[in-house]
Structures are given as C-alpha cells and as structure tokens.
Amino acid sequence: MSAVWQVSRAAVRRRRLQTFVIALVVLTSTVALVVALGLLDAASAPFDRTFDQQRGAQLTATFDPAKVTDAQLAQAAARPGVAAVAGPFAQAVLTAPSNTAVQAPGVDAPPPGPITVVGRADPAGPVDRVDLWEGRWVERPGEIVLMRPPGEHYGPNEAVGSRLLLPGAPSLTVVGFASTLSQSAGAWVSPDQMPALHPTASQVLYRFTGSGTADQVRAGLATVTAGLPQGALLGSLSYLTVKQDMTATANAYVPFLLAFGVLGLVVAVLIVANVVSGAVVSGYRHIGVLKSLGFTPNQVVAVYLVMVLAPGVVGAVLGTVLGDLAAQPLLHTVFSGFDYGYFTATLSPWVDVLTLLGMPAVIVLAALVPALRAHRLSAARAISAGSAPRAGRGLRVQRWFGGTRLPRAVSLGLGLPFARPGRSALTLTTLVLGVTTVTLASGLSSSVAAYIEAGNDHVQSVSYVGDAEIGERAPTLADAAIEAKLRSLPGTAQVTAMAPVELHMVGSSQIVRGWFMRGDSAGMSTAMLKGRWASGPGEVVVASSFTAKHGLTVGDHLTLQLAGREQGVTIVGETVTGDADQVEAPWETLTALVPDPGTTRYVNQYWVRLAPGTNVDAYDAALAAAVPGLYPTAHGGGTDSLTVTIVGSTTVLTLLLAAVAALGVFNTVVLNARERRRDLGMLKSIGMTPRQVTLMMVTSMAALGVLGGLLGVPIGLAAHRLVVPAMVAAVGNALPPSMMNVWHAPALALLLLAGVAIAVLGALLPARSAARLTIAEVLRSE
Amino acid sequence: MTTGDSSNAGGTEAGQVVVHLDGVRKEYGESTALDGVSLDIRAGEAVAVMGPSGCGKSTLLNMVAGLDRPTSGRVVVNGEDLASMSETGLALFRRRRIGMIFQFFNLLDDLPALDNVALAAQLTGVSVAQARRRALELLDELGIADRRNVYPAALSGGERQRVSVARALMNRPALLLADEPTGALDSHAGEQVMDLLIDLNQIGQTLLIVTHDQRLATRCASRLVEVADGRVVRQRSLERTA
Ligand SMILES: Nc1ncnc2c1ncn2[C@@H]1O[C@H](COP(=O)(O)OP(=O)(O)OP(=O)(O)O)[C@@H](O)[C@H]1O
Ligand SMILES: [Mg+2]
C-alpha cells in the first residue's frame, strides 16, 4: 500500500461527515443529470433513428390528378435537390361510419372517421419503407393493409383475415398491419384496387439532399411544384410537423429538466470545491507535516484528490444507477400515449458513460484548484500556520460589527463570513442557486397551475350517452329532448351538448377532430390567447398548438370535409390549451356539414355547469334517474398527466436541490467550527453560553442566506421567463402574459426568506454540536 | 540500544561536513529573518541553536531541512546544494536524509502511532509490512510499543514526542532536526526526550537542536550556536553535563 493511498484513506475515514456530504451531493446531482440527459436523448434520437431506418418521407405531397399527370409529377421530382422519390400513388379518403351497428363476427370496425387509403404495390422502396409488422403486403384487389402502431389492434375483431366494410368501397380483407413514421396513409391497397375506390389525389413522397430544416423542406416543396398547373398541389406534410407532434410531450420536459440538471451540477461543483478547499485550508498543518516527511508536492495533491474522488466516484456510480432507475418509468410515462409504440423508451448508454466519466472529471477539476494551492504551499509556512494565528482579513469588519448595538453573539456571527471570504463566497453561491431553484420551481408550478386552470371548463357534471355495444343502455329520448330534460333539472345552470366528429381537413393528409357544441357553449370557452370564442356558423376556435402545427393564424380559412360534404370555416380565436388536431365550433357549423344532424346521434356527451351550492353526487343521481341511458361521471377539471408529472418532478427536484444547498451550508459550518475550535474554547472559557455559540454560528450563515435570497430571487425570475415559454413552445402552445406574471408581493417575500430558511436549516445541527464541544476537548486536540 | 544503526546513516563518516551554510539570508517582505548566517556542522556533532524569540532559529532549521529557500546564500546538506533542487527533489532529499521533531509533534491525527511512524519508510518505497515491522522495533526501543494502535489525540505529550522521534529515525537520517523538542512537555517527559537525544548522539546521530531551554542545550549539545537578530553572534564548545 503506498503512502499516498494510506494517508488519503485515513483522511477519508476521518472526515466521514464531509465524505458523506460529497457522496450525497454528487449522487443527487447525478440522478438529476441522468434523467435530464436521458430525456433529451429519448426526445430526439429515437425518432431520427427510426425515421432514417425507414427512409422516411421528408415531404408528403398530394396532387390533384385532374390537373397534373403522373408523368409531370415524375419529371418535377427528377430535379436537382431531390434525393429520392416514391409515387405517385393514387389516394382516396374513405369514411368509417360513426355508428356501427353491433359488429358481425369477422368484421372489423375501425374507429369512426376518414381513412386515407393509398395504392401501393410494395411496402419497401426508396422512400417510406413501411414496417409490415404482421401478416403480408397486399397482392391483389380485395385486400387491405391497415396502418396501426406496432403490436396494436383497434377493437376486438381486428385481425388478419377480418373484413372491412366501408361506405363507397367493396368489401376488403385485412391481410396485414403496418406502421410508418411518415404517417403517409391510414391503409394501403394494391394499385389495381384504387380505381374502384375513386381516388381523389396522387400522393408523392420525397427525400431531399440535406433537408433537415423547415426552410430546406419548404425549398424542396417549391422545387417539386415549380411549373405545375395552378391548384395542382392539394396539400403537403413536412416530417418536421410529424416529429414535433410525436416528441412534443417529451420535449416539454427537457427545458426544465435541463435547467434543474445544470443547477444541480453547478451546486455539486461548488460544494465539492468548497469541501476540498476547506480540507486544504483546515489541513495546512497536515500538508506541512506531509511535506516535512518528504511527500512531494504531487503526492500532496494526490492525497487531496483521492480524498474527494473516492466519495465522488461512489456518488457518481450510485447516482447513475439510481438515475437509470428513475429515468425508465419517467420515460415510459412521457412517451406512453405519444409514441404509439414507435420508439422504445430506453436510456441510451452514452448518458451513463457521460455521467460516469464527467462527474469524476468535474470533481477533479473542482478539487484541483485548491489542491494546487497545497502543491505550492511552502512547507515552512504550512507547519507554522497550524500554531500561529492567522492574520484575519475580517478583523476590521469584525471590529466594526463589534461596535454596533447588536447582541455580541450576533455581531460576532456577522463578522465570521469575512474571515474566510473564499469559502463564504462559495457558500453564498450555493445559497443563491438554492433560492434560484426554489423561485424557478414555484414560478413553474404557478404557471402550470394557471395553464391547467385555463384548460378547466368549470363543468361539474359530464354525462355520456349509453352505448349498447359495450353493454350500456342507449337512451330512449332524442337528443333535443335530453337537453330539454337536463335544463329542467333543479341545480342545472348551463347545458352544452357536445358532438365529437372526425373530419378531414382539405389539404392535409391528417385527420382533425371537430368538437361541435350546442347550448351554452360560450360559457364553456377556455382561456383565449387571441381572438374570440366562435359563435356563428362557419366559425371555429383552435388551440395555439393547432395554429403552430398547421401554419395558420386567427382570421385564416380552412375547408372541413365530412362524408363528401365540404364547409369552409374561419378561425376566429386561439385558445391557450388544447389539442393540435382539434377544432371547436358551434352547432351551426355541423349543421352545414351534415344534411340533417337530427337523424344521426352525433352528440355523445352533455356537459352541465351546476348552480352554486349544488351537490354534484346528488345531482348526478337525479340525472341518471331522470334520463335513462345517460351515464353521469364526476368531472374534476382538466388535470392531465403531463402537468401532474411536471409539478411532481419539480417539487422533488426542488427539495433535492434545496437539501443539497443546505448540505453546503452544513459543510461550511462544520469547517468553520473545526477551524475555530480554539476560538470557541476561548469564548466559552470567558463565559459564552452554548446557546450564544449556536446563535453566533447560525447568524453567520443566516446573513449569507439573506444575501442569497436577494440575489437568487431575481435570477430565479429570469430563469422562469426562459424555461416556461420554452416548455410551452415545445408542446406547440404559447402563454398569455397573465400566466407568466405569477408573482405577488407576499410570495416574493416568502421566496426571499427561502435563503435564510435553507441557511438556518443547514447550520443548526453543526452549530449546536460546536456549542456542545467541551473546553477540555478543545484544548486536548491541540 | 540498537538505534545506533544510524551511525553510518546517509553514508556520512564522523568528521565529514554534513551541513554547510554560507551567507544565508532570508527575508519575509520587509523583515529579515536571517541576515547572513554561515555555519558548518560535522557528522556526529550535536549542535544547539539558542536565541531570543523571533531571532530566526526556526527559519534556520527550515533552511537546512529544505522546507524553505533562502533569499540568498548557499545551503549544502550532505553534499547536496539545496538551491539547485526542485520542490520534488527537495521532498526526495528530505525523506532520505532528514528527520524532524517539532515542538507540537505534528503527528497525523488520522493515523495510529504505528502507522505514523511507518509512513516515513513507506514513502521511500518500503512495503507496508516491512515498514510496520521497523516502526514497531523503534517504538519498542523508545518504550511505547504498547501504545502502537492508539491515535495521537489519546497519547500523552511525552508519548507523542517519542512517536515523532521514532518517525524521524525511520529512514536512518543523516541529520536529525529538532525545533523545541521539549517545549510542550513537562519536566519529566522533557528529561526522557533529552535522554533519548543524548543516546542517539552517542551512537553517532548528527543533531541540530533549536531550543530556549538552557538545560537541554547543555545536556545534549557538544556545541552551542547563539543567534540574535538573524545573525550568529557566538559559538562555543560545550562540555556535556550529563
Ligand atoms: N512565513 C513567515 N512570514 C513572515 N514572516 C515570518 C515568517 N516566518 C517567520 N517570520 C519572521 O521571521 C522572524 C524569525 O522567525 P522564526 O520563526 O525563525 O523565529 P524563532 O527564532 O524560531 O522564534 P521562536 O523562538 O519564537 O520560535 C520573525 O520575525 C518572524 O516574524
Ligand atoms: Mg521557532
């Protein structure tokens, strides 16, 4: 065993507390970092990897076959800049009926709404290699392959061999299931089948040379449509839109996890620097002895590095393991329901490698600066430093504090930080970051709460129309009669009948869900970002994520299509929350789309706002008795898993970082007390009580806590301004200023106190143990 | 006692010059700690340095140990000019040639007595087992083998100083330096340390002792060097009283 190793090991054992603090701090920071980096990676890499494997279509364009021939399209696609092309494929939009009667055995009932069907002979090809995950590809007319997420079937009858009966199409047999990240179709048939389906569009799939950015995709679109007849292009879809859609939720976590990860990392570095420089400074005599024994300067540095690296490596390894464990369920939560099985939520190994190598590297760097001071320290100086009193730089300040009217213990405490300016600065920075974290976290939670509140419809009772298919009772009353009955119930304040209908948006290969509202729909409006609530026919309201995704804005027009009928509508308002594929519209807009909305039961739920003071359970019971076939469900408001997860993980991370900051204070007080044993012994010998000693030590840190609050709150406010909009932008939304200004004077005052709270919490324990130290013990240690 | 292996320690022969100081000056900013000190110490000598507090005795000792560098002048120890050595070179020189004893012992609080002593040998590359064996021999000779597993905080002052003497002797140094070795001890423990130093010198160990203690000087030293204001003001041979 080498001398360096033996001395380091002894030092690690002796400084159990500091060693434990380093390990704990590194561990918590590593956990936060692994989770943050893991999410960042998971949010982008799997999509890109799978998309590249499938040679996904960077641009999917549909053209009007009446205006442009296949030959013209092929010619345009041969232009420079186009790397690969597939198609043209004939495309038709079929509509699955919304109210299928009881399913016959062997007949598939797909979810109601439009299905984009494309004629393709081959799932492979230069662009959009479709992943056929069950069955086989279509070979002849009468066969169909359905686009489904890997491993998923919609409905009990959906299997290879089942039949599909769609209005306007011959009976088709399902021969396989396939998925594609390009989202180029909802189903595929053989090209020979297409004429019977009356195609309305030609689909062409492109890959461009070096098209990563939105601009490049737009330029690519311009290239392949240049010179085509007016109106030939029906619609186009960039892969970036698809990617944004699929990774939005995960991306929302990234800015805040990254912010917390970086904060954690910086706090860890500061505490490590503080611990090590503290060890060096309080070990001056130790260094002198080592040097007088013949330790070379490098060996002295090595002793100090090993001393912090040992717990640092343990912390990094444990932190990585715990981080991996924590990240797995989080990744799963984040992606479930969004990836549709396309991505596997696994942590990529580089995250582990990076933290396992990076954390110790950070520790070494943080330790090196003060350890190099030990390297340079003259042995003669070091040895005499042990017994000679230091020339305190704080002396003058301390004398000044002594002249104030403060109790002596307090004024002595206030002077303490000046005796070790470097250590005080590091501790202060830790406190500032702790307060920054608390401020950011509370702002984040308030903004998210405001965001949830914006999505809250203030509806207390929602009743669903019974569905005979799943064993429920269908109502006997007609739609209008039900609404009238609800209005007559005691306790009813407002009633809205809701009809969710899948629609085709002309010019897009994707489906949008229309929510048509009848009754007191104006009262249902959620927080608006722009414009106003829809009130008349031809008006719709969309979420800001919708306008971002489709490149539209308030005032723009779009054409909705249902079962062959079209209706032009205008976007009159933009809501803060809501789905990127959803439009909200008054009943009149639905009336224009379907000839007689009275004959089909479009309404599947009734939303009731209750008069104040009405008991929800009693009301629902009365409702169920009054209208058989309605199924009331208690409705708590729009708390979704994303916000719960964000608020939850914010709280956990805040507590972690506040604890880490408190540990930093703890460590500083331990070091100060150890260094000042003799002073403490002296103060006690002249009559200072243990309570006064505690007060003095706690005051010294509380003073830093006050400063930490004053500096940390503004930084936290700035971080909030940066992180929250980035998060909301990631899910394709925007926030009105009212949701950003979540700060009130009392809340700010409390936040200012957070620094003091952290400081006092961290200081109390070591201050009390310093106060308990007996004078004999102090003198013995000399 | 067999500690006398050290008679030929460092390859020095009796009479050979072990320490040669030539016009050594040391300034700390404005103040001058040493002001042109010249001094020779031969192998086997026991030299005591005395003088008022702050006159530069410890500084002189640090120069000889290579713990500090002179502002000007030459320091040659065991034939090696310390001025030409790097920090690392000085460290290697110290481990093999110099043993040091301090007023406040300067033991490593983290290690038990035995390991404190063994550490010095481990630095020279000796295995831990071998180092411990030799350390135990030394502790035994100094009469504190039974305290080998005790940590410094639990040792008495006299015991601590004996541990530090053992540590200083581990590598059979050419020169044993002592700065106020009895300064923190009561008279009984001080006597024991003095006896130890006398024994060591009688078997050939070269000693340089800094002290305020007239009794220590006259009992242990063969020559007395008096320092004042950073200069050697007087030297004389002593008849040992012990
Ligand atoms: N590291 C240093 N920085 C500045 N001045 C120093 C330093 N070390 C010693 N001195 C000064 O050099 C002079 C000599 O100091 P030194 O410690 O050698 O005295 P000493 O003779 O050993 O005194 P004592 O008997 O009290 O131990 C003193 O004036 C002291 O203040
Ligand atoms: Mg001295």
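The values are calculated or read from the model by the stated rules, or taken from the named source; none is laboratory data. Everything numeric here is computed off the predicted structure, so don't read it as measured data. Note that we place each Cβ from the backbone using ideal geometry, even for glycine, and neighbour counts take in every protein chain shown.
For the range B:221-229, the criterion of being part of a helix (DSSP H, G or I), of a type in the set (G, A, S) and under 20 Å from B:F102 (Cα atoms) is met by none of the residues. Of the residues making up the range A:189-197, not a single one is more than 37 Å from the chain's Cα centre (by Cα) and more than 28 Å from A:V85 (Cβ to Cβ). When the criteria are applied in full, B:N149 meets the requirement of being farther than 23 Å from B:L61 by Cα and away from ligand 2 (no atom under 16 Å from the Cβ). In the condition set (1) at pLDDT 90 or above; (2) away from ligand 2 (no atom under 16 Å from the Cβ); (3) among the aliphatic types (A, V, I, L, M), B:L208 is compliant with all but (2).
On inspection, B:L208 does not qualify as outside any strand (DSSP E or B), of a type in the set (A, V, I, L, M, F, W, C) and at negative phi. Are any residues in the range B:171-205 away from ligand 2 (no atom under 16 Å from the Cβ) and among the hydroxyl-bearing types (S, T, Y), and if so, which ones? Listed by number, the list holds a single entry, B:S187. Applying the selection to the range B:64-91, what residues are within 16 Å of ligand 2 (Cβ to nearest atom) and either modelled with pLDDT under 90 or of a type in the set (D, E) (or both)? Residues satisfying the conditions are B:A65, B:L67, B:D68.
Pairs are defined by a Cβ separation below 8 Å, a sequence spacing of at least 6 or placement on different chains, a first member in the range B:217-235 that is under 27 Å from B:T32 (Cα atoms), and a second member that is among the acidic types (D, E); the pairs so defined are B:R223/B:E45; B:D229/B:D35; B:G230/B:D35; B:R231/B:D35; B:V232/B:E226; B:V233/B:E226; B:R234/B:E226; B:Q235/B:E226. Within the range B:30-63, being within 16 Å of ligand 2 (Cβ to nearest atom), in contact with a helix residue (DSSP H, G or I) (Cβ under 7 Å, 6 or more places away or on another chain) and at pLDDT 90 or above holds for B:A33, B:L34, B:V37, B:A48, B:V49, B:M50, B:G51.
Could you count how many residues in the range B:63-94 are more than 13 Å from chain A (Cβ to nearest Cβ), without any contact (Cβ under 8 Å) to a residue 24 or more places away in the chain and touching a strand residue (DSSP E or B) at 6+ places or on another chain (Cβ under 9 Å)? Qualifying residue count for the region: 3. In the range B:29-142, counting only helices (runs of 4 or more DSSP H) that sit wholly within it, the ones holding 2 or more residues that are more than 16 Å from ligand 1 (Cβ to nearest atom) span B:87-97, B:113-123, B:128-141. B:N116 passes every criterion in (1) more than 28 Å from B:V17 (Cα to Cα); (2) more than 11 Å from chain A (Cβ to nearest Cβ) apart from (2). Filtering B:L155, B:L123, B:L111, B:L139 for residues that are within 13 Å of another protein chain (Cβ to nearest Cβ), of a type in the set (A, V, I, L, M) and within 23 Å of B:Q192 (Cα to Cα) leaves a single hit, B:L155. Elements of the type helices (runs of 4 or more DSSP H) sitting completely within the range A:664-782 and holding at least 2 residues that are outside the structural domain of A:K549 (by TED's automatic domain parsing) and modelled with pLDDT of 85 or more: these cover A:690-730, A:745-772.
Residues that are within 18 Å of B:M63 (Cβ to Cβ), assigned to a loop (DSSP other than H, G, I, E, B) and within 16 Å of ligand 1 (Cβ to nearest atom) within the range B:172-188 comprise just one, B:E180. Under the condition of being within 11 Å of chain B (Cβ to nearest Cβ), aliphatic (A, V, I, L, M) and in contact (Cβ under 8 Å) with a residue 40 or more places away in the chain, the residues counted in the range A:288-314 number 5.
Conditions tested, residue by residue: (1) free of Cβ contacts under 8 Å to residues at least 40 places away in the same chain; (2) surrounded by fewer than 19 Cβ atoms within 10 Å (Cβ to Cβ); (3) among the aromatic types (F, W, Y).
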residue: A:V569; (1), (2), (3): yes, no, no
residue: A:G573; (1), (2), (3): no, no, no
residue: A:T577; (1), (2), (3): no, no, no
residue: A:A585; (1), (2), (3): no, no, no
residue: A:T589; (1), (2), (3): no, no, no
residue: A:T600; (1), (2), (3): no, yes, no
residue: A:A621; (1), (2), (3): yes, yes, no
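Listed conditions (1) at the interface with another protein chain (Cβ under 9 Å from one of its Cβ atoms); (2) more than 16 Å from ligand 2 (Cβ to nearest atom) are all met by B:Q130, apart from (1).
Taking the criterion of being within 13 Å of ligand 1 (Cβ to nearest atom) and away from chain A (no Cβ under 14 Å), the residues of the range B:209-232 that qualify are B:I209, B:T211, B:H212, B:D213, B:V225, B:E226, B:V227, B:A228, B:D229, B:G230, B:R231, B:V232.
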